[in-house]
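Take a look at the structure below.
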Amino acid sequence: MTSASWVVSHAFPGRSLPVELMTMVLDNVDLPSLLRISHTCRHWRAVARSHPCFWQNIRLASVSTTALDFFQARLDQTSDFDIHLEIILPDAVEHGRIRSVVLPALARNLHRVVRSRIMLHYDTASYALRSFTGAASRLQGFALGFFHATDKQPVELPADILSGHCPHLRSLTLKNVAFPTNTIQSFGQVQRLLFGCDGPYMFPLGLFQHFPALSVLSVLGGTCLGAEPSGETTHQVFVPQLAALAVEVIQCDQLALFGAVPHLASIPAVKCREPHVDLMRILLDHLYGPLELAVVLPIYWEDEIEVAFCVPNSQRMRVFAEDFARIHSDWPRDIIFAPDLAQRVTALRLTAKLAYLVPLFAELPACTTLAVEVGDMADLTVELNDTLALPALKSVIVRARPKQGPVSVSAEALREFLVRILGTRTAQPILRIEESLTLTGDSMALKRGYGVESAQ
């Protein structure tokens, strides 16, 4: 039973409590549940409508008469609250209602919007952009996209969008848009930009002139053919000092795109999806000295594997996202396990579920630390035909996968897993079980059988 249904089914005993106190019960209820509760009875309608979330988080995903009436009613009654506004109408065919009702309401309330996500049909673009000419002094996060534009030119943003005054705007998402020649002043404080096109398109290097404070850039979308301008004119492009650049495009001329980004070597964190072998070599040449190697499952995308080389105690890293199914047949192991890289690896981090990749590793002669991330007991059942060659290994760290929450595994299963990937050794490394992982069973047997110096 969800928290919302529990509240409704037990509503009657709470009738004697003040509405102001009952609204506290709904603090952990999401907006759709809150709206359903508001239709339960008069008492719970009053309770739901008294909760700030009811008025602050306004979402429109239909242009039906009922949806539009409710949308406008909530906007008209939120004068005392900052608005989080979401308008998702990429397939709406009744463009007249969008032009006559939705966009004017948005324009009237733009000055009260704190966060906004606007996704509209391509054919409404010219009308929509007129709605963003007002000031948005409270705006902190803004997402704007136009859909059904794969066979059309991106929508050009006006230079005066948001009236050039957004002192608090830090996060921006733009999809299927182009940039004007004149600088967009309202983007001057943006620090994080997610830019995408359905493509095929040329990545516009000229966008950097609009984002002097940009720190993190992510490029997503369809086919990217490279970057413009290209050749000798690229050195004239102004690029702020990026802290992170991620390119996760389905099909991309990576050498053309990355080769056109000025000062690529100075960007601390760079990530690309299914990288070209030559690009991997270029990016790895940006890293000097000892390295840490991570071969892990991303937190949210388990159909991919992330391979990351990091410089210890710094923010410098190069991350490669590979398709899970391609690893066996087409992994560029000659680059990842090249001798000049392998001899510099001092630490290896491995998701336990990926232990089947162990035979692919060349010897890591300088690796002193192995960190294993465990998601559940099933991660420890992987079969192996070979072990890791880590002659300098001194410590093994076992922890739960990031954001996985507490994980419990048996000490015996963990011991057997470690023997399978490391084999038996004359001098066993120190084993440390981090607090995010709980051992069940006889942990002393793990200590005796595996020969470690310490264990949880």
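Among the candidates A362, A400, which residue alone is surrounded by 14 or more Cβ atoms within 10 Å (Cβ to Cβ), within 27 Å of A342 (Cα to Cα) and in contact with a strand residue (DSSP E or B) (Cβ under 8 Å, 6 or more places away or on another chain)?
Numbers: A362 fails: in contact with a strand residue (DSSP E or B) (Cβ under 8 Å, 6 or more places away or on another chain).
None of the others qualify; the one that does is A400.
Name the one entry in R316, R333 that is surrounded by 15 or more Cβ atoms within 10 Å (Cβ to Cβ) and either of a type outside the set (G, A, S) or over 16 Å from Q254 (Cα atoms) (or both).
After applying the criteria, what remains is R316.
So is A338 without any contact (Cβ under 8 Å) to a residue 60 or more places away in the chain and in the same structural domain as S408 (by TED's automatic domain parsing) or not?
For A338, the condition - without any contact (Cβ under 8 Å) to a residue 60 or more places away in the chain and in the same structural domain as S408 (by TED's automatic domain parsing) - is met.
May I ask you to list the residues in the stretch 255-285 that are outside any helix (DSSP H, G or I), touching a residue at least 40 places away in the same chain (Cβ under 8 Å) and among the aliphatic types (A, V, I, L, M)?
Residues satisfying the conditions are V261, A269, V270.
Only residues that are modelled with pLDDT of 95 or more, surrounded by 16 or more Cβ atoms within 10 Å (Cβ to Cβ) and among the hydroxyl-bearing types (S, T, Y): list them for the stretch 213-236, please.
S218
If you check E302 against the conditions, is it at pLDDT below 90, under 20 Å from the mean Cα position of the chain (by Cα) and farther than 25 Å from M202 by Cα?
It is true that E302 is at pLDDT below 90, under 20 Å from the mean Cα position of the chain (by Cα) and farther than 25 Å from M202 by Cα.
Pick out the one residue from L110, L174, L120, L85 that is in a helix (DSSP H, G or I) and crowded, with 16+ Cβ neighbours inside 10 Å.
L110
Is one or more of the residues making up the stretch 293-310 surrounded by fewer than 20 Cβ atoms within 10 Å (Cβ to Cβ), in contact with a strand residue (DSSP E or B) (Cβ under 8 Å, 6 or more places away or on another chain) and part of a helix (DSSP H, G or I)?
no
Tell me which strands (runs of 3 or more DSSP E) are completely within the stretch 336-402 and hold 3 or more residues being within 26 Å of I282 (Cα to Cα), or say none if there are none.
345-351
With (1) over 27 Å from Y288 (Cβ atoms); (2) touching an Asp or Glu at 6+ places or on another chain (Cβ under 8 Å) as the list, and I397 as the residue in question, which single condition is left unmet?
Here I397 meets the rest and fails (1).
The values are calculated or read from the model by the stated rules, or taken from the named source; none is laboratory data. Keep in mind that what you see is a predicted model, and the values were worked out from it rather than measured. Virtual Cβ from ideal backbone geometry, glycine too; neighbours counted across all protein chains shown.
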